[in-house]
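The values are calculated or read from the model by the stated rules, or taken from the named source; none is laboratory data. Remember, predicted model here, so these are calculated numbers, not experimental data. Cβ sites come from the backbone with ideal geometry, for glycine too, and all protein chains shown count toward neighbours. In case anyone asks, the SASA skips ligands and DNA or RNA and just uses the protein heavy atoms, side chains included. Shrake-Rupley method; radii C 1.70, N 1.55, O 1.52, S 1.80 Å.
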Amino acid sequence: MEGLLQLLFNGLSVGAVYALFALGYTLVFSVLGVINFAHGAIFTMGAYFTYLLIGGAVGANGLLAGLQFPFALPFWLALPLAGIAAAAVALVVERIAFRPLRDRGSDPLLALITSLGAGVILVNLIQLLVGAESYSIPVGTLGSLPAALSIAGAKVRTVQVMLLAISGLLLAALSIWINGSRSGKALQAVSEDPVTAQLLGINSARVIQIAFGISGFLAGMAGGLVGLSISIAGPYFGIGYGLKGLGVLVLGGLGSVPGAVLGGLIIGLAEACVPADLSGYKDAVSFGFLFLVLLVRPQGLLGRPQANKV
Amino acid sequence: MLRSGGLTPAPMKRRLASSLAALLSAAAALSACQGTEDQGPVNLSKGVPVGAVLALTGNANVYGQDQKIGIELSLAALNGAGGVNGKPLSLSIEDGGSAEPSANAAVSLQINRGILALIGPTLSQQSFSAGPIAQRRGVPLVAPSNTATGIPEIGYFISRVSAQSSVIAPLSIAKALQLNPGIRRAAVFYAQDDAYSTAETVIFQQALTAKGLKPVTVQRTQLNDQDFQSQITAALNQKPDLVVLSLQAMDGGNLIRQLRELGYRGAIVVGNGMNTPNIYPICQKYCDGILIAQAYSPELQTPANQRFTAAFAAAQARNPKVSPIPPQLTAQAYTAMQVIGEALARLDRRQPLKGLPLAQARKALMAEILGGTYQTPLGEIRFTPEGEVIQKNFFVAQVRMNAGGKSGRFSLLP
């Protein structure tokens with residue numbers, strides 16, 4: 001029982017991050033039908049914004065070497081502010097990498113490449129400004145909370161519990177917004193059929209901007225939380241999460257918000273189920289699992305089958 | 001039945017043929033260009049050309065930053081003392097990233113620039129990939145930080161100033177057992193996709209077995225892993241009182257932090273991958289107490305080391321947040337540059353570099369490198385005919401973090 005609980009904690013704490021990450025992908029995919037490959041870079045920027053806002057100093061490399069804000073915000077304030085800053089970056093990405101192509105009626109596939117380019121530019125920009133070194137959010141940022149909790153004999157780091165709780169809150173807030181607000185329903189309408197939504201008086205361009213903003217906010221928050229948990233391993237550290245997030249997106253079903261959550265948690269649990277002495281192969285196991293699921297359900301767990309138009 | 005290519009129209013065939021011809025001509029021109037570079041005289045117009053390929057980006061960047069400082073200090077010292085018999089050394093540094101393809105590209109680029117010798121790459125894994133390029137092109141490569149078994153064996157032109165794991169790693173295990181003879185259960189972690197980690201863990205596990213401590217668990221990770229909750233909780237179930245890590249700085253630092261946060265209080269021995277003060281910001285206060293065997297001590301009282309430590313402290317004085325005590329990787333990189341500089345000076349006296357064909361100069365330089373004895377910050381070193389470093393002094397240090405856990409030092413153990 002204790003072992004099972006431990007496994008559950010291990011899986012859920014990792015899976016919650018994957019879910020949060022994949023939600024950003026999902027929101028953009030649902031309205032545009034393409035994947036925003038700059039999402040990993042925005043996630044990374046969220047981590048750096050959080051680090052700077054809590055009073056962290058830039059290291060010896062980069063154009064901003066030695067920079068430190070004259071204030072140090074508590075983590076709980078810095079995290080949402082970092083999310084907002086990341087949302088602003090996501091809006092810039094939408095304006096530069098997506099909108100010009102959309103306005104010209106280009107093939108949506110081209111946006112994959114422009115977003116990939118935007119992601120590479122952002123990562124290089126981070127490196128240019130703050131160098132390639134790693135940064136850590138100080139131990140003790142969570143105040144007097146203990147480093148780990150013991151629940152029914154299973155051990156879990158407090159930061160992981162926080163991560164799980166905040167991810168859960170964000171997911172719940174997102175669901176409420178999508179189903180209970182006018183803008184959320186407009187997003188659903190645009191994702192269903194952008195042309196009809198436009199005819200019904202919905203400003204599709206505005207809805208797309210909202211999707212990018214929320215996607216960036218979630219990415220920024222996820223970046224800050226992961227930075228708190230395992231430190232910021234340089235400008236490229238979002239890339240690994242980007243790959244895993246893609247897997248989650250496909251497993252859950254392209255464009256499905258509940259699917260992204262379910263996919264994230266399943267991939268996290270699948271990784272945790274890998275026997276400890278084979279844990280170096282967990283990526284292969286989780287992607288192998290994804291492969292098997294897709295053989296049975298090509299549309300993903302909660303995705304809808306794509307009807308072919310004749 | 002259709003003939004092969006029977007559906008290809010004639011103009012397209014002509015275009016294909018001309019494209020192929022152009023491609024072949026370009027390839028021939030490139031290879032000819034490469035041959036000319038290698039066979040022409042050494043280009044001394046901007047100084048005596050030496051190159052370095054360091055991991056300045058990616059997850060090993062923390063090592064590359066340390067090494068860059070060491071190489072630049074050594075270059076300044078060599079040029080301050082007259083360079084290569086009056087000719088200044090000219091250094092070009094390329095970022096080899098933290099992966100093999102980027103290191104291969106950087107090494108090829110440096111060689112094509114006509115350098116006489118190369119320092120790097122940073123990681124053993126990269127040297128196993130890029131070393132054969134230097135060997136094939138006949139360029140002396142001095143590895144400043146590769147500790148995996150088999151690096152000098154890549155070929156005649158490959159040497160290293162970093163003593164291999166099999167020499168150093170067992171010292172820290174012995175010290176841990178000396179400090180706590182009651183240790184009975186060892187847990188081992190290593191990155192299974194990293195050449196350094198896989199080589200070093202074998203040495204560690206052999207050293208443990210030799211002391212009667214068969215590991216109770218061996219946990220495998222991957223180089224880019226940052227979350228180790230699963231591996232740690234599995235290891236802690238075995239109730240270890242010694243944890244031995246063969247990991248790089250970033251993943252190792254994270255693992256230590258998570259290990260301590262999850263309640264482990266026993267001894268921790270780490271390998272050479274964590275031999276850098278850059279681990280302090282990662283594991284912070286949890287770095288305190290870890291044991292590490294080292295090939296360099298800042299406290300070594302030799303003129304060469306005193307000059308080096310003074311130069312390092314002076315350079316770092318500009319940044320008060322950085323420790324004035326040099327780390328091992330910086331000392332080893334300094335040494336690699338010193339070895340090349342001194343060997344070049346000897347070669348130039350024997351056979352003036354001016355007008356010497358590049359390929360011949362590189363070959364003669366390799367012989368000089370292997371034949372010399374060097375008074376370095378690491379102490380006196382020389383090389384075996386295979387290019388393996390022969391070094392006298394090794395040390396075991398314990399990390400001591402300052403109050404607040406933001407900075408620390410490697411404190412030598414008697």
Please state which of the following conditions residue B:187 fails to meet, knowing it meets all the rest: (1) among the small types (Gly, Ala, Ser); (2) assigned to a helix (DSSP H, G or I); (3) more than 10 Å from chain A (Cβ to nearest Cβ).
(2)
Output yes when any residue across the range B:162-173 is in contact with a helix residue (DSSP H, G or I) (Cβ under 6 Å, 6 or more places away or on another chain), in contact (Cβ under 8 Å) with a residue 24 or more places away in the chain, closer than 30 Å to residue A:240 by Cβ and surrounded by fewer than 22 Cβ atoms within 10 Å (Cβ to Cβ), and no when none is.
no
Looking at B:243, B:218 in this structure, which one is more than 7 Å from every other protein chain (Cβ to nearest Cβ) and either open to solvent by 10 Å² or more (accessible area, probe 1.4 Å) or of a type outside the set (Ser, Thr, Tyr) (or both)?
B:243
Has the range A:260-276 got at least one residue that is out of contact with any Phe, Trp or Tyr (no Cβ under 6 Å at 6 or more places or on another chain) and under 25 Å from residue A:84 (Cα atoms)?
yes
Over 23 Å from the mean Cα position of the chain (by Cα) and open to solvent by 30 Å² or more (accessible area, probe 1.4 Å) - does that describe any residue in the range A:154-165?
yes
Quick one: which of A:110, A:116, A:129, A:125 is within 14 Å of chain B (Cβ to nearest Cβ), over 30 Å from residue B:285 (Cβ atoms) and surrounded by fewer than 18 Cβ atoms within 10 Å (Cβ to Cβ)?
A:125
Log entry, pairs with first residue in the range B:220-242 being β-branched (Val, Ile, Thr), second being assigned to a loop (DSSP other than H, G, I, E, B), beta carbons closer than 8 Å, six or more apart or on different chains, reads B:221/B:192; B:221/B:228; B:221/B:247; B:232/B:262; B:232/B:264; B:233/B:262
Boolean, residue B:317 is over 23 Å from residue A:51 (Cβ atoms) and assigned by TED's automatic domain parsing to the domain that holds residue B:216
no
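Conditions tested, residue by residue: (1) in contact with an Asp or Glu (Cβ under 9 Å, 6 or more places away or on another chain); (2) open to solvent by less than 50 Å² (accessible area, probe 1.4 Å); (3) small (Gly, Ala, Ser).
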site	(1), (2), (3)
A:238	no, yes, yes
A:244	yes, yes, no
A:248	no, yes, no
A:252	no, yes, yes
A:264	no, yes, yes
A:269	no, yes, no
A:273	no, no, no
A:280	yes, yes, yes
A:286	yes, yes, yes
If we scan the range B:382-397, do we find a residue that is of a type in the set (Asp, Glu) and more than 30 Å from residue B:173 (Cα to Cα)?
no
Would you please list the contacts, defined by Cβ atoms under 7 Å and residues six or more apart or on different chains, that run from a residue in the range A:133-150 that is without any contact (Cβ under 8 Å) to a residue 24 or more places away in the chain and facing chain B (nearest Cβ under 7 Å) to a residue that is surrounded by fewer than 17 Cβ atoms within 10 Å (Cβ to Cβ) and of a type in the set (Gly, Ala, Ser)?
A:148/B:263
For residue B:77, are the conditions met, namely being in a helix (DSSP H, G or I), among the hydrophobic types (A, V, I, L, M, F, W, C) and surrounded by fewer than 22 Cβ atoms within 10 Å (Cβ to Cβ)?
yes
Looking only at the range B:104-122, count how many residues are open to solvent by less than 10 Å² (accessible area, probe 1.4 Å) and more than 23 Å from residue B:352 (Cβ to Cβ).
7
For the condition under 21 Å from residue B:224 (Cβ atoms) and in contact with a helix residue (DSSP H, G or I) (Cβ under 6 Å, 6 or more places away or on another chain), what is the one hit in B:103, B:99?
B:103
Helices (runs of 4 or more DSSP H) (entirely within the range B:272-380) containing at least 3 residues that are open to solvent by 10 Å² or more (accessible area, probe 1.4 Å)
B:303-316, B:328-350, B:358-371
Is it the case that residue A:59 is surrounded by 16 or more Cβ atoms within 10 Å (Cβ to Cβ) and either on the phi > 0 side of the Ramachandran plot or over 23 Å from the mean Cα position of the chain (by Cα) (or both)?
yes
Got a sec? Which of A:47, A:16 is within 12 Å of chain B (Cβ to nearest Cβ), touching a strand residue (DSSP E or B) at 6+ places or on another chain (Cβ under 6 Å), assigned to a helix (DSSP H, G or I) and at pLDDT 85 or above?
A:47
Mind checking whether some residue in the range A:228-246 is farther than 30 Å from residue A:59 by Cβ and assigned to a helix (DSSP H, G or I)?
yes
Pair list, Cβ < 6 Å and 6+ apart or interchain, from the range A:278-303 residues that are farther than 17 Å from residue A:254 by Cα to residues that are assigned to a loop (DSSP other than H, G, I, E, B) and among the polar types (S, T, N, Q)
A:280/B:192; A:280/B:222
